[in-house]
Amino acid sequence: MRVGAYSSKAQAEAGWTRLVAQSNGALSGVSHRVIEGNADIGKVYRLQAVAGDAAGANALCGKLKGAGISCQVK
């Protein structure tokens, strides 16, 4: 589940730390990964929360949206 995109891996990692703090506990114990990719603007680093399966990702995304955090299940 995508929770952000950044211009560097370091910014993505810092973004994860901020999201965990903002998530009202929803991201507690959830692992994450940073995926390097290309976009129209150049190289991007996509921050993803690893939720297990589609049902878990949808449930987690719903909790994050309730906390005011944008997410997208892919």
| remark: Inside the range 1-26, the number of residues satisfying the requirement of being free of Cβ contacts under 8 Å to residues at least 40 places away in the same chain, among the aliphatic types (A, V, I, L, M) and more than 19 Å from residue 38 (Cα to Cα) is 3
| query | Pairs under 6 Å by beta carbon, first residue within 13 Å of residue 20 (Cβ to Cβ) in the range 60-71, partner of a type outside the set (Gly, Ala, Ser) and not in a helix (DSSP H, G or I), six or more apart or different chains? | reply | 64/71; 67/24
| Flag if residue 57 is of a type outside the set (Val, Ile, Thr) and open to solvent by 20 Å² or more (accessible area, probe 1.4 Å) | no
| said: Among the residues of the range 37-54, what is the count of those that are open to solvent by 50 Å² or more (accessible area, probe 1.4 Å), outside any loop (DSSP other than H, G, I, E, B) and not β-branched (Val, Ile, Thr)? | reply: 4
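The values are calculated or read from the model by the stated rules, or taken from the named source; none is laboratory data. Since the model is a prediction, treat every value here as computed from it, not as a measurement. Positions of Cβ are backbone-derived with ideal geometry, glycine not excepted, and every protein chain shown enters the neighbour counts. These accessible areas exclude ligands, DNA and RNA; they are computed on the full protein's heavy atoms, side chains included. Shrake-Rupley method; radii C 1.70, N 1.55, O 1.52, S 1.80 Å.
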